[in-house]
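See structure below.
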Amino acid sequence: ELHYLSGQYDMDLIVGDAKMANSFLWNLGSLELDLPEPPEGASKKTPAVETDPMAVFKPKAEIAHIFRTPEKRPPTALSYTFLAFTILPFLAFLVGMRLLNINFGNAPTSGLPALSALAFHGGLASILGLYLLFWLKV
């Protein structure tokens, strides 16, 4: 709709796609339109779309983001207290093993079995270390 706006109108053919390497803009021509005056009671509106084709490439208005306020966190001392309570069963397990004189004499001491056992227990220790680092957010 031209909204009864007389003047010069340019006709362009745009051929292109996001995947097309050589898209182009072809000017088909321009028209000089002399449109009649709007009828009684009709208002002379301005077009909703901007008439400048290069307006697409102008900078857009800045978008301002509003982030949520962070949730309240418990005091650090309380967090470390619960950390101690979660480590306490593991420490009790180690003390219990020491008090029961667990025999590690059957553990492999040389060759591939020793290397496999060492790699397995090293992997478990590294996973527990990562859990600790994640917990403490280091």
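Bear in mind these aren't lab numbers, they're just calculated from the coordinates by the rules spelled out. Note that the structure is predicted; figures quoted are calculated from it, not measured. Here Cβ is always computed from backbone atoms with ideal geometry, including for glycine, and neighbour counts include all displayed protein chains.
Taking every pair of alpha-carbon atoms in region 76-136, give the share separated by more than 17 Å as a whole percent.
Pairs farther apart than 17 Å: 61 percent.
Between (i) 0.99; (ii) 1.09; (iii) 2.65, which matches Cα Rg over 2.2 N^0.38 Å calculated for the structure shown? Recomputing Cα Rg over 2.2 N^0.38 Å here picks out (iii). Fewest neighbouring Cβ atoms within 10 Å first, the residues ARG68, ARG98 line up as ARG68, ARG98. The simple spin-label model puts a point 7 Å past each Cα toward its Cβ; for ILE102 and LEU35 those points are separated by 8.7 nm.
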